[in-house]
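So the structure is just underneath, and the comments pick up after that.
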Amino acid sequence: MRKALVIGGSLGGLLAANLLRSIGWQVQVFERVGNDLASRGAGIGTHEELLDVMDRIGINVDASIGVHPESRTCLDRAGKVQHKMPRPRILSSWGRLYRALKDAFPVADYYFDKSLVSFTDDASGVTATFSDGTTAHGDLIIGADGIRSTVRAQILPDAQPLYAGYIAWRGLIPESVLPADLHAEIFSHNMVCYPDGDAMTMYAVPGPDNDVRPGHRAYNWVWYHPVTPEQLAALCTDATGVCHGMAIAPALIRPEVITDMRATARRVIAPQCVQVIDFTAQPFFQAIFDLESPRLYVKHAAILGDAAFVARPHVGMGVTKAALDAESLADALQQCKDIDTALARFSERQQLFGTRVIARARRVGAHLGAQATKPPETWTPEERHQDPVRMMIESGARLRDVPELIELVRANRGGRAERSDTPATVVQG
Ligand SMILES: Cc1cc2nc3c(=O)[nH]c(=O)nc-3n(C[C@H](O)[C@H](O)[C@H](O)COP(=O)(O)OP(=O)(O)OC[C@H]3O[C@@H](n4cnc5c(N)ncnc54)[C@H](O)[C@@H]3O)c2cc1C
């Protein structure tokens, strides 16, 4: 039996691990973090193709997978409704998807507290070495180890994430803390706000323990705000003066950074958004990056998910792309007679797909990216102004609405049927 070592036990790693098992491979997953990852709370916009892949793994994709807002509603800076349109995609949460994928995989083959340091790749196969000095041996190593991938650094050292010039402030609040009037106004809807220079989206997702019962759900928000590289370094500096690079653990964010963020929000986005931010006990932020890899394998090492490509989150494609990468890899390994041919086929398909996803996400975020990185006189028309209707259409689109992506997905998936319905819970106010 052939054996794969999957590095990274988040969504991309678990999608690949489950799919490879389903085609008869022996799979071990190695995750750097020391315990269950299920507490990484954040909303995840899904696409039909992601739910399809979960179905294929054997996960029961029922109504508890997420919530389906009644509309996508755009507020102007003063809080008045500007535009309203249907919101066709299901909104789930990272924890809900992780739980389902983790429960589908054998506990004994998932190793926490295993941080890959390096690997060798020779005629006898691949051997991974971890920071605790242990090793593991297999036929294939799969880097599903995220944007700072150790596997990618070893095989494609020139592929580096580029800071896009803005950050995403994020948070999740329990449904029950929303006052009745605000709840009635926003909870059943995906509310967005696109004043020039900023962008905010907020929507209901499953609550703690993946609860989708009314009263037990959560409201997720993401606010994109321009920040220069110098300002980012200051935001990532903790109370003892240590700068943590371009990311910082939520608990280490200085209280004055949060106070400033709340004050800025009051100046730039709609009051309904500000209220939701104010109800959030511990907001956190992530810098936004673009990452492109020129190919997705070298010898017997492959990369997928955020290890291979990172698209700006406006198009909500990260997890779906990881699922399609994983499916494409499993299909190629099943269809080709040897691993080398399979990896070449996988790389050719998913590299083109990733390139197109990145290009689209860059276009949607062009205005936000230009604010803190380019002088206004050099802005292109796309960078100069953010059209709320275009933003709503582009960021809410399903894969089947984007011709340059769906043509590749259909070709790559070999005509595998697309879902005809979406089993989400409809949010009730
Ligand atoms: C603001 C924001 C909003 C987003 N919204 C959406 C959305 O709505 N929809 C969507 O689909 N996507 C969204 N995304 C993107 C999505 O979160 C990612 O694309 C997705 O989580 C990538 O999964 P992954 O498994 O490839 O990587 P990750 O989730 O980053 O996992 C990598 C794993 O590898 C582990 N690891 C790292 N190094 C090592 C090592 N050396 N050894 C062992 N393990 C290691 C890490 O601990 C981690 O668990 C959003 C992202 C952001 C920033």
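Mind checking which residues of segment 136-151 are in contact (Cβ under 8 Å) with a residue 40 or more places away in the chain, in a loop (DSSP other than H, G, I, E, B) and near the ligand (Cβ under 8 Å from one of its atoms)?
Of everything in segment 136-151, those that are in contact (Cβ under 8 Å) with a residue 40 or more places away in the chain, in a loop (DSSP other than H, G, I, E, B) and near the ligand (Cβ under 8 Å from one of its atoms) turn out to be Ala144, Asp145, Gly146, Ile147, Ser149.
Here's a check for you: in segment 1-30, which residue that is among the basic types (Lys, Arg) and within 22 Å of Gln154 (Cβ to Cβ) is nearest to the ligand (Cβ to nearest atom)?
Lys3
Among residues belonging to segment 341-373 that are without any contact (Cβ under 8 Å) to a residue 40 or more places away in the chain and not hydroxyl-bearing (Ser, Thr, Tyr), point out the one that is surrounded by the most Cβ atoms within 10 Å (Cβ to Cβ).
Of everything passing the filter in segment 341-373, Ala342 is surrounded by the most Cβ atoms within 10 Å (Cβ to Cβ).
When only residues in segment 78-89 that are in contact (Cβ under 8 Å) with a residue 60 or more places away in the chain and hydrophobic (A, V, I, L, M, F, W, C) count, which is farthest from the ligand (Cβ to nearest atom)?
Only one residue tops the list, namely Ala78.
In the set Arg400, Arg360, Arg410, which member is out of contact with any Lys or Arg (no Cβ under 8 Å at 6 or more places or on another chain), within 22 Å of Met200 (Cα to Cα) and assigned to a helix (DSSP H, G or I)?
Arg360 is the lone residue from the list that is out of contact with any Lys or Arg (no Cβ under 8 Å at 6 or more places or on another chain), within 22 Å of Met200 (Cα to Cα) and assigned to a helix (DSSP H, G or I).
If Ala123 satisfies all but one of (1) over 25 Å from the mean Cα position of the chain (by Cα); (2) modelled with pLDDT of 95 or more, what's the number of the condition it fails?
Unmet condition: (2).
Identify, by number, the condition in (1) of a type outside the set (Phe, Trp, Tyr); (2) assigned to a loop (DSSP other than H, G, I, E, B); (3) in the same structural domain as Ala4 (by TED's automatic domain parsing); (4) crowded, with 18+ Cβ neighbours inside 10 Å that Gln154 doesn't meet.
Evaluating Gln154 over (1) of a type outside the set (Phe, Trp, Tyr); (2) assigned to a loop (DSSP other than H, G, I, E, B); (3) in the same structural domain as Ala4 (by TED's automatic domain parsing); (4) crowded, with 18+ Cβ neighbours inside 10 Å leaves (2) as the failure.
Got a sec? Which of Asp62, Asp55 is surrounded by fewer than 15 Cβ atoms within 10 Å (Cβ to Cβ), within 21 Å of the chain's Cα centre (by Cα) and more than 25 Å from Ser149 (Cβ to Cβ)?
From the options Asp62, Asp55, the qualifying one is Asp55.
For segment 281-299, name all the residues that are more than 18 Å from the chain's Cα centre (by Cα) and either crowded, with 21+ Cβ neighbours inside 10 Å or not in a strand (DSSP E or B) (or both).
Of everything in segment 281-299, those that are more than 18 Å from the chain's Cα centre (by Cα) and either crowded, with 21+ Cβ neighbours inside 10 Å or not in a strand (DSSP E or B) (or both) turn out to be Ala281, Gln282, Pro294, Arg295, Leu296, Tyr297, Lys299.
Are any residues in segment 207-239 in contact with a strand residue (DSSP E or B) (Cβ under 7 Å, 6 or more places away or on another chain) and among the small types (Gly, Ala, Ser), and if so, which ones?
Matches in segment 207-239: Gly207, Ala218, Ala233.
Which of the helices (runs of 4 or more DSSP H) contained wholly in segment 201-280 include at least 2 residues that are among the hydroxyl-bearing types (Ser, Thr, Tyr) and surrounded by fewer than 18 Cβ atoms within 10 Å (Cβ to Cβ)?
So the answer is 255-268.
Being more than 30 Å from Val268 (Cα to Cα), assigned to a loop (DSSP other than H, G, I, E, B), touching a strand residue (DSSP E or B) at 6+ places or on another chain (Cβ under 8 Å) and within 11 Å of the ligand (Cβ to nearest atom), is that true of even one residue in segment 158-175?
No, segment 158-175 contains no residue that is more than 30 Å from Val268 (Cα to Cα), assigned to a loop (DSSP other than H, G, I, E, B), touching a strand residue (DSSP E or B) at 6+ places or on another chain (Cβ under 8 Å) and within 11 Å of the ligand (Cβ to nearest atom).
What are the residues in segment 176-200 that are within 15 Å of Ile269 (Cα to Cα) and hydroxyl-bearing (Ser, Thr, Tyr), if any?
Tyr194
So which of Ala301, Ala323, Ala311 ends up being within 8 Å of the ligand (Cβ to nearest atom) and modelled with pLDDT of 95 or more?
Ala311
Please verify whether segment 90-104 includes one or more residues that are away from the ligand (no atom under 14 Å from the Cβ) and more than 23 Å from the chain's Cα centre (by Cα).
No - not one qualifying residue is present in segment 90-104.
Look through segment 120-135, keep the residues that are assigned to a strand (DSSP E or B) and within 10 Å of the ligand (Cβ to nearest atom), and return whichever of them is nearest to Asp340 (Cα to Cα).
Ala128
The values are calculated or read from the model by the stated rules, or taken from the named source; none is laboratory data. This is a predicted model, so every value here is computed, not measured. Quick reminder, even Gly has a Cβ in these numbers, built from the backbone with ideal geometry, and neighbours come from all protein chains shown.
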